[in-house]
Amino acid sequence: MRGTGARALVAAVTALVTLTACSSTEEQVRNFVDENYERVSESGEYAAYRSSESVDDVADDIESAATPGRQHEDETGEYLGYEEVMVHVEEEPSGSGSTIEVTDASDGYDRWGVAIIPVWGTFGGSYRNAFSGGGSGFGK
């Protein structure tokens, strides 16, 4: 019994590692946020979540799950940019926790462009080039 249980555990861990390695960064980010925070709304590619944790703690946890290609912090919160998805983490209006917004990259630029374009550049321009090593790398 002991050997069978150990083999089953090894098989389960191997399957999890294989699935994680095969999934895209977008899926990793979306799955991590969906599994760890309370979803409060969803519409198409956009979803909003809530956490009792601070903005810094939430952003650190998401970064640990999938390293962003771009990151920016200002008075409105933290922005994490990936090739196909963007995340914005801001303090709840009540000051007790965080709101996490996840959407595709083009919608993220529409929503938060005022905050991120001066740092990351425009969508489809220097932003995407920086992921493949092009551009000056400003804002990385």
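The values are calculated or read from the model by the stated rules, or taken from the named source; none is laboratory data. All figures in this text were calculated on a predicted structure; none of them were measured in a lab. All Cβ positions, even for glycine, are placed from backbone atoms using ideal geometry, and neighbour counts span all protein chains on display.
Check every one of the strands (runs of 3 or more DSSP E) wholly within the range 1-111 and list those with 2 or more residues that are modelled with pLDDT of 95 or more and touching a His at 6+ places or on another chain (Cβ under 9 Å).
Correct list: 77-81, 98-104.
Quick one: in the range 72-81, which of the residues that are touching a residue at least 24 places away in the same chain (Cβ under 8 Å) and surrounded by fewer than 21 Cβ atoms within 10 Å (Cβ to Cβ) is nearest to D104 (Cα to Cα)?
For the range 72-81, the residue satisfying everything is H72.
Among what's in the range 112-138 and is of a type outside the set (F, W, Y) and closer than 26 Å to Y37 by Cβ, pick the residue that is modelled with the lowest pLDDT.
Result: V119.
Collect the residues in the range 81-109 that are within 15 Å of the chain's Cα centre (by Cα), among the small types (G, A, S) and more than 19 Å from V119 (Cα to Cα), keeping them in residue-number order.
Once the filter is applied, which keeps residues that are within 15 Å of the chain's Cα centre (by Cα), among the small types (G, A, S) and more than 19 Å from V119 (Cα to Cα), the range 81-109 yields only S98.
For S52, which of the numbered conditions (1) in contact (Cβ under 8 Å) with a residue 24 or more places away in the chain; (2) under 20 Å from G95 (Cα atoms); (3) surrounded by 14 or more Cβ atoms within 10 Å (Cβ to Cβ) fails to hold?
Unmet condition: (3).
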